[in-house]
Amino acid sequence: MTRSDWLKQALVIPLPEDDALVLDGCRRLLGPNLYHPHPGAVGDALCPGFEVAAVQHLWVVQVQRLLDGLDWTGVVIVERPFEGGVSLFIPAPVDRLFTAAYVIEAAWYFCASALLGDEAMPIEAMLAELQKIEAPEANPELLAVVAEADARGLDRLLDDDAVTFGHGKGAATWATEDLPAVPDWTGLHDIPLALVTGTNGKTTTTRLIAAMARAAGLVSGLSSTEFVKVGDDVLDRGDYSGPAGARLLLRDPRLELAVLEVARGGILRRGLPVSHAQVAVVTNVASDHLGQYGINTVAELAEVKLSVYRALRAGGQLVLN
């Protein structure tokens, strides 16, 4: 069992079962996202039987109690109420994302237990369990190398067990457990990259940009709801509009220019797959898969789509409609 597999199941929190208070989901966001420019964890709660503002306040209080108990200082909790519920996000270092997600879930346990009048375990017992997660997850070597990559202007791609710095022909990938303290940065660099999102026209726009780059003599590639492709080579078929498609594409050493189709679901489930892009395109926004992750209106959906701007480099272009 890998460390990430262990972390996924290391702690089972006994959430109260009541249709009036439901934790609809809790997940790690690996990149820029709807809530923040940096990674972290978010939970979505539905509370049809209670006043949203009261639930929101108590959940925030419980999150802060746990953060204080873990000595996480300076964490700004992002609150996003919506009709019938609320989402809470906390930014976290890339080596503490599982811990952050467990903090969100544990805080909901205390919040829901209090509102329902259930007896909860002592907070000291929960903190002890969270510390058992935090200690093996902590990876100061990874943090140091990520900081160095940031200083060098290099993007990074994360998954549960590997990290990549740079893109395409300028990329190198290491297993997280085997990352050298001082990587050889020679030749590592990002490549021109565009993000494309919207309700309609995403795949067509993605293919058009890739075709223009190919006509200019570059080895271009794309990830989309149809396939991941580099040049004429289809790496895999299927819906690859999320971070898995981006990693598959951007780790290909032939690639000179990339276009990523970025769907609503991927943004909300895992955040944006990259932190550095030259262009972000939002084709349009219309009613599409509303009612998930607390996104209930077209205006809220527009906020999700427009979060692609968080990945733009200085001087990058946001293209609308």
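Accessible surface calculations at 1.4 Å, restricted to protein heavy atoms, place the chain at 43 Å² per residue.
Evaluated at q = 0.23 Å⁻¹, a Debye calculation over the C-alpha positions of segment 194-256 (equal weights, vacuum) places log10 I(q)/I(0) at -0.94. For segment 162-321, the alpha-carbon coordinates run over 47, 38, 33 Å along the three principal axes, in decreasing order. For segment 169-211, the fraction of C-alpha pairs more than 12 angstrom apart is 71%. Taking the longest Cα principal axis of the chain as reference, the axis of helix 123-137 is set at about 20 degrees. Packing-based ranking of 56-66, 243-253 yields 243-253, 56-66, ordered from highest to lowest mean Cβ neighbour count within 10 Å. Here the accessible area is traced with a 1.4 Å probe on the protein chains. For the chain, carbon and sulfur cover 53 percent of it. Seen against the Cα atoms of the chain and their longest principal axis, helix 202-215 is set at about 30 degrees. Could you work out the Kirkwood radius for segment 85-219, taking every pair of different alpha carbons, averaging 1/r and inverting it, reported in Å? Result for segment 85-219, one decimal place: 18.7 Å.
For the peptides 313-320, 197-204, 173-180, residues were scored by their other Cβ atoms within 10 Å and the scores averaged per peptide; the highest-first order is 197-204, 173-180, 313-320. Rounded to the nearest 20, the size of the Cβ-charge dipole of segment 200-255 about its Cα centre is 120 debye, with Lys and Arg at +1 and Asp and Glu at -1. The three principal axes of the C-alpha atoms in segment 1-135 carry coordinate ranges of 39, 32, 28 Å, sorted with the longest axis first.
Electrostatic tally near Arg237: other residues with Cβ closer than 10 Å to its Cβ, Lys and Arg +1, Asp and Glu -1, net -2. Under 13 Å from a point placed 7 Å out from the Cα of Glu300 along the Cα-to-Cβ direction: which residues of segment 76-109 have their backbone N that close? Of the residues in segment 76-109, 80-88 have backbone N under 13 Å from the label point off Glu300.
Equivalent ellipsoid of the chain: semi-axes from √(5λ) of the C-alpha gyration tensor, largest first, are 35, 24, 15 Å. Taking a quarter of the surface of the Cα convex hull of segment 159-242 gives a mean projected area of 6.8 nm². With a cut-off of 14 Å between beta carbons, the residues surrounding Val52 carry a summed charge of -4, where Lys and Arg count +1 and Asp and Glu -1.
The three principal axes of the Cα atoms in segment 44-115 give end-to-end lengths of 36, 21, 19 Å, sorted in falling order. Quickly estimate the mean residue ellipticity at 222 nm for the chain, helices only: each DSSP H run with n ≥ 4 gives -39500 (n - 2.57), and the total goes over all residues, rounded to 500. Calculated from helices alone, the mean residue ellipticity at 222 nm is -10500 deg cm²/dmol. What's the local net charge at Asp118, with K and R +1, D and E -1, over the other residues with C-beta under 14 Å away? Residues close to Asp118 contribute a combined charge of -3.
The values are calculated or read from the model by the stated rules, or taken from the named source; none is laboratory data. Please read these numbers as outputs of a predicted model, since none were measured by experiment. Heads up, the Cβs are rebuilt from the backbone with ideal geometry, glycines too, and the neighbour counts pull from every protein chain shown. Remember, those area values only see protein heavy atoms, side chains included, never the ligands or the DNA or RNA. Shrake-Rupley method; radii C 1.70, N 1.55, O 1.52, S 1.80 Å.
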